[in-house]
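**Q** Below is a structure I'd like to ask you about.
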There are 2 protein chains.
Amino acid sequence: MGIAIAVGVQVMAGRLLGLGVGPGDPELLTLKALRLLKAAPVIAFPCLGDSPSFARAIVSDYLSGDQREIAINVPLGGHGGTDAAYTSAAAEIATALDGGDDVAVLCEGDAFLYGSFMYLWSRLSDRYGCEIVPGVSSLLAGPARLARPLAAGNDIVTILPAPLDDAVLAARLADADSAVIMKLGRHLPRIHRLLARLGLEGRSHYIERATLPNEICQPLNALGPAPAPYFSMIVVGRREDAPR
Amino acid sequence: MGIAIAVGVQVMAGRLLGLGVGPGDPELLTLKALRLLKAAPVIAFPCLGDSPSFARAIVSDYLSGDQREIAINVPLGGHGGTDAAYTSAAAEIATALDGGDDVAVLCEGDAFLYGSFMYLWSRLSDRYGCEIVPGVSSLLAGPARLARPLAAGNDIVTILPAPLDDAVLAARLADADSAVIMKLGRHLPRIHRLLARLGLEGRSHYIERATLPNEICQPLNALGPAPAPYFSMIVVGRREDAPR
């Protein structure tokens, strides 16, 4: 009888890296995100609909051209299609990780604050080593660009997604020291009316594309009734009489 | 009659820069904060009591040694002394700005989210050009290090300072999708009891000195009843059944 000998090379799996790339200005990447981005043989990034990837655009000057790129094509609207897109992207990323390559997933702002990275992370983090590099969220870039402090002393800050119902938003805004309303998009006219009705318009500022060359910053009461891009927000600032 | 001629050199005032230097890991500085830090002839940073400055320690490897340093000596406790400390520091910074030098104020985390920079900003921003560079707050670094997403979909996030009364905290925690309790320090044992009473202990994780070599991360129910350093927080994570 012969002896069967299995000959093989054990490949150590790569790591899944969630890199926060900041709100838009490429200089708002952290040193750590830049280092890991440059070292990763594979990068992945979301593309909404047929638009070019915003996350990839932020870091484009830092890419050597030698990295393999995985575009995660997220359809606009339609939750079923979204799930399928992340499942398909997770499978493609898993293949790269199994081959021993680290995969850097580019995340607008911060990976764990409303980041789509979570949908990959929930599919892959039980099987692969992961590292999350926190980034500068627009939550913080907005107040910086508006030159309006977000919280001092014992202020409570409430972060509210605009798609929520008026009743939910009104209840939370009623007792907010300061609040940030994110993901405005088509909800802006409704949110604007709500803030006016609650007497909060005077404390509110609007900002879109924070830190980009085409950034717009203005008091909410100077804003016309137009919809906004997805990457826009309203900061309901601290009360003037708030304790310091 | 002679003509009096005034000869003088008009000096353009320097700019006040509020640089978020991140939660502790020096690699979590942004490229922009690093560039402005290196170019500033004067840096300023808070020192609590007699302790060395944490903000300065974060960036110490990036300092040339040629910069003038202004230490803002903030007394522990005692609001009157604190006000006087910022007033005195603001005057010293104003002198540097008047001389044409930019002054980079180092801010742990982000300058406008509970940053002491605000106390300088409120004293100087009406007279000098300012720029705020947003930074990675521990608000975002904590969840990254805990490997626990902070918010997805339409989650509402509530940021709560630990010194608030139990009744206030309990009301806000009752309907929070996720919450971050900051500035724990001596309040930790009380907050721990409160979260246990509210049935939230199982969803809560504790982290101190996030991203530093001596970082501690653990589930809240594994934590003993000791006080915590000021730079510690509890993340009350998303409900397991939260919609994605």
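None of the figures in this text is laboratory data; all of them are computed from the coordinates on show. Because the structure is predicted, anything quoted here is derived from the model rather than measured. No Cβ is skipped: glycine too gets one built from the backbone with ideal geometry, and neighbour counts run over all protein chains shown.
**Q** Between rounded, prolate and oblate, where does chain A land on the alpha carbon gyration tensor, with a ≥ b ≥ c its root eigenvalues, rounded for a/c under 1.5, else prolate if a/b exceeds b/c?
**A** Here chain A falls in the prolate category.
**Q** So if I take the alpha carbon set of the stretch B:16-133, get Rg, then get Rh from the Kirkwood formula, what is the Rg over Rh ratio?
**A** That ratio is 0.93, to two decimals.
**Q** Follow-up question, since we're still on this one. Given the rule -39500 (n - 2.57) for each run of at least 4 DSSP H residues, summed and divided by the residues of chain B, what is its mean residue ellipticity at 222 nm, to the nearest 500 deg cm²/dmol?
**A** -8500 deg cm²/dmol
**Q** Compute the relative contact order of the stretch B:1-149 as a whole-number percentage, counting only Cα pairs closer than 8 Å that sit 6 or more residues apart in sequence.
**A** Worked out over the stretch B:1-149, it gives 39 percent.
**Q** Note the distances from B:GLY153 to each other copy's matching label point, with points 7 Å along the Cα-to-beta-carbon direction, in nm, sorted shortest first.
**A** 3.7
**Q** For the stretch A:16-133, give me the percentage of DSSP beta bridges that are antiparallel, rounded to the nearest 5 percent.
**A** Close to 5 percent.
**Q** Once the piece of chain linking A:TYR230 and A:LEU48 is laid out straight, how much longer is it, given 0.36 nm per residue of separation minus the C-alpha distance between them?
**A** 64.4 nm
**Q** Could I ask something else about it? What's the average, rounded to a whole number, of partner chain beta-carbon atoms within 10 Å of each residue's beta-carbon in A:103-112?
**A** Mean shielding count: 3.
**Q** Find how many whole Å separate the alpha carbon centroid of the stretch B:46-65 from the alpha carbon centroid of the stretch B:109-138.
**A** What the calculation gives is 17 Å, centre to centre.
**Q** With springs only between Cα atoms under 10 Å, which of B:ALA90, B:ALA171, B:ALA179 fluctuates most in a Gaussian network model of chain B?
**A** With Cα springs under 10 Å in chain B, the top fluctuation among B:ALA90, B:ALA171, B:ALA179 is at B:ALA171.
**Q** Taking the number of other C-beta atoms within 10 Å as the exposure measure, put A:VAL11, B:VAL157 in order starting with the fewest.
**A** A:VAL11, B:VAL157
**Q** So what is the relative contact order for the stretch B:138-236, in percent, with contacts set as C-alpha pairs under 8 Å and at least six apart?
**A** 32 percent
**Q** If I take R0 = 30 Å and measure r between the Cβ atoms of A:ALA91 and A:LEU63 in this structure, what FRET efficiency does the formula 1/(1 + (r/R0)^6) give, to the nearest 0.05?
**A** 0.80
**Q** Assuming R0 = 51 Å, what is the FRET efficiency of A:ARG239 and B:ASN221, from their Cβ-Cβ distance, to the nearest 0.05?
**A** Between A:ARG239 and B:ASN221 the formula returns 0.90.
**Q** Going by C-beta contacts inside 10 Å, put A:VAL103, A:VAL168 in order with the fewest on the left.
**A** A:VAL168, A:VAL103
**Q** Shifting gears a bit: By count of other Cβ within 10 Å, fewest leading, how are B:LYS183, A:LYS38 ordered?
**A** A:LYS38, B:LYS183
**Q** Ok, one more. Taking the label point 7 Å from Cα in the Cβ direction, how far apart in nm is B:ARG35 from each other copy of itself, listed shortest first?
**A** 2.0
**Q** Can I ask one more? Starting from a label point 7 Å past Cα on the Cβ side, list the distances from B:ARG193 to the same position in the other copies, nm, shortest first.
**A** 4.9
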